[in-house]
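Structure first, then comments.
The values are calculated or read from the model by the stated rules, or taken from the named source; none is laboratory data. What you see is a predicted model, and the numbers here were worked out from it, not measured in a lab. Quick reminder, even Gly has a Cβ in these numbers, built from the backbone with ideal geometry, and neighbours come from all protein chains shown. With ligands, DNA and RNA removed, areas are computed over all heavy atoms of the protein, side chains included. Shrake-Rupley method; radii C 1.70, N 1.55, O 1.52, S 1.80 Å.
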Amino acid sequence: MPILLVESEASVLQVLEQAVSDLGIQARSATTLQAGLELFASEHARIVFVDLDSSTQTLEMLKAILARPRSGGGSHCREP
C-alpha cells in the first residue's frame, strides 16, 4: 500500500517523494487537498502526510481519514 503525500509546494513535495522513495516505499502525491481526497479514496493509503492549514478542505480531509473503516485490526486516533 502506498503512502499518500499532500503538499501544495512543489519543492517540498519533491523532497518528500524522494525521501519516501529512498526508503523503498511507494508513494502517491497530490498538490491540492481535493486531489488528495480523491487519491485517498482510490488508493487506500494507510499513511497520509498532509500539509495542514486551517482551511475547511483540510478539516474535511482529516474527517475522511478518521471516518474510513480500518481492516486488519488497525487503529487510529479519534476525537474524544
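Numerical summary
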quantity	calculated
Qualifying positions in the range 1-18 - part of a helix (DSSP H, G or I) and not β-branched (Val, Ile, Thr)	Ala10, Ser11, Leu13, Gln14, Leu16, Glu17, Gln18
Top-ranked residue in the range 19-69 [being part of a helix (DSSP H, G or I) and touching a residue at least 40 places away in the same chain (Cβ under 8 Å); ranked as most open to solvent (accessible area, probe 1.4 Å)]	Glu43
Hey, Ser21 out of contact with any Lys or Arg (no Cβ under 9 Å at 6 or more places or on another chain), at pLDDT below 90 and not aliphatic (A, V, I, L, M) or not	no
Yes/no for Gly73 being modelled with pLDDT of 80 or more and at positive phi	no
Filter pass, Glu7 being more than 21 Å from Ala67 (Cα to Cα), among the acidic types (Asp, Glu) and surrounded by 12 or more Cβ atoms within 10 Å (Cβ to Cβ)	yes
